[in-house]
1. Can you list residue pairs whose Cβ atoms sit under 9 Å apart, with the first residue in the stretch 43-57 being farther than 30 Å from residue 427 by Cβ and the second being open to solvent by less than 50 Å² (accessible area, probe 1.4 Å) and among the hydroxyl-bearing types (Ser, Thr, Tyr)? Count only pairs 6 or more apart in sequence or on different chains.
2. Yes or no: residue 373 open to solvent by 10 Å² or more (accessible area, probe 1.4 Å) and outside any strand (DSSP E or B)?
3. What single numbered condition from (1) closer than 14 Å to residue 330 by Cα; (2) out of contact with any strand residue (DSSP E or B) (no Cβ under 6 Å at 6 or more places or on another chain); (3) of a type in the set (S, T, N, Q) fails to hold for residue 373?
4. Residues of the stretch 107-118 being within 19 Å of residue 191 (Cα to Cα) and open to solvent by less than 20 Å² (accessible area, probe 1.4 Å), which ones?
5. Consider the stretch 351-373. How many of its residues are of a type outside the set (Lys, Arg) and farther than 25 Å from residue 33 by Cβ?
6. Within the stretch 200-230, track down each residue that is open to solvent by less than 10 Å² (accessible area, probe 1.4 Å) and more than 29 Å from residue 124 (Cβ to Cβ).
7. Filter the stretch 338-370 down to the residues that are open to solvent by 20 Å² or more (accessible area, probe 1.4 Å) and over 30 Å from residue 48 (Cα atoms) and list them by number.
8. What number goes with the only condition from (1) over 23 Å from residue 298 (Cβ atoms); (2) within 19 Å of the chain's Cα centre (by Cα) that residue 257 does not pass?
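The values are calculated or read from the model by the stated rules, or taken from the named source; none is laboratory data. Just so we're clear, the structure is a prediction, and the values are computed from it rather than from any experiment. Neighbour counts run over all protein chains shown; Cβ positions are idealised from the backbone, glycine included. Keep in mind that these areas ignore ligands, DNA and RNA; they rest on the heavy atoms of the full protein, side chains included. Shrake-Rupley method; radii C 1.70, N 1.55, O 1.52, S 1.80 Å.
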Amino acid sequence: MAQSVRDRAAVGRFTLLAALAALAMVTPHVAVAAGDLPGVKPIAETPSEYDDEAGGNADADDPAIWRNPADPDRSLVVATAKEGGLRVYDLDARAVQSVAAPEAPGPGDAPGRFNNVDLVHGMRIGSAKADLAVTSDRGSDRLRIYRIDGGNADTPLTDVTSPSAPTIHSSSQEEINEQRTAYGLATWTEPSSGRSYAVVSQRERTTLSLLELTGAADGTVSYRKVRTLQLPSTFRLPNGGTWAPCGEPDELPQVEGMVVDPRNGTLYAGQEDVGIWRLDADLRGAPELIDKVREYGVPGTYDEETEECVPGENPGYGGRRLSADVEGLTLLNQEDGDGYLLASSQGDNSFAAYDRELDDDNEYEGGFRVVATSDSLDGTEESDGAAVLNEPLGRKYPHGLLVVQDGDDKPGETDREATNFKFVDLKPVLDALDD
């Protein structure tokens, strides 16, 4: 579920120093310091990705965990790397497959750029059922779909995207090149009908689109748009005024991190500079803002020269647990039906946990940080995407696994910005939330 540090700088969001300045204006009884949260340590990390020409413009972003039911020790992590395409890792965090993003269709056109990834289990395609990895391709404004074959150790992913798969938000290549395209992604399967869906957000807009995935007799997968919903872009403040997050001219507060609770069909959507929305995954009904970022309501002025937002005084209308941007959302299921919604609080390098139960109104349950294990295995900073699976994954992770993106991998090459993914044993995470 996530935008890179470089992307966010380019579109003029709060710089780290500006965000810290805004936080300093919040009264002490309101702010919850990330440094006070318990730390959990990763067991392994994937190879560094480098978003430059030598690195193939690869930028680690969003992971998904696929459990191999026949052999849990051979479970996989599928992750996006923007223009670098998809990466597939084993449980030792070693790369076993790289899938290239599509090339640009013509000179000057945008190349493929895989933003988010999510899984669909047991979807019928023709006469067979298959598990799928679904990605949002920001470069082409489409979904790309891959069948997962756990018995194929070298190339577990096979592209099964229909050649006729339509664009989602754009009507022409010219519009695609403007990059107001497919961005955040969450998949879900409706228990009553068995139909599988994807909710896809739009970059620099507040649009959410509901797509139904459709399998064909030839083994390919496409989709059709069911409906769309617009989240708010301006907000009424307690003082009677209105507020909109600062950004580039004509840029609206976008959504990226999303997850669906399949038990009740609830979609949680992170509007990066606003907070977390709760709404029906079929995009019917009214969305409800269940938590806000600390910077909610902070006025900002966009500086054309620096391409950054200069924040004003914080009026104190924001929340206490999230610091913009709110990024990757993932659902931690527990056997008793309870569990947590986990959210990456990118601005202060922490994760917030909310009760999964609607009856408890998604009450805040605590948080944690992913901290360094050693000099060679660092923690996470400015984390974008996250995925969690509370199921035994063989000998390596008998208690389950949390995978989080690290937006500033260290000790990568000192003269290059590096990103990767950290693998965290789930037991210390559960222990931290139970304390």
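1. 50/419; 51/4; 51/419; 55/48; 56/50; 57/50
2. Numbers: open to solvent by 10 Å² or more (accessible area, probe 1.4 Å): yes; outside any strand (DSSP E or B): yes.
So residue 373 fits the description; yes.
3. (1)
4. Step one: list which residues in the stretch 107-118 are within 19 Å of residue 191 (Cα to Cα), which gives 118.
None; the set is empty.
5. Just the residues of the stretch 351-373 that are of a type outside the set (Lys, Arg), to begin with: 351-355, 357-368, 370-373.
Then keep just the ones that are farther than 25 Å from residue 33 by Cβ; that gives 357-359.
Looking only at that region, the number is 3.
6. 206
7. Within the stretch 338-370, 338, 357, 358, 359, 360, 361, 363, 364, 365 meet the criteria.
8. (1)
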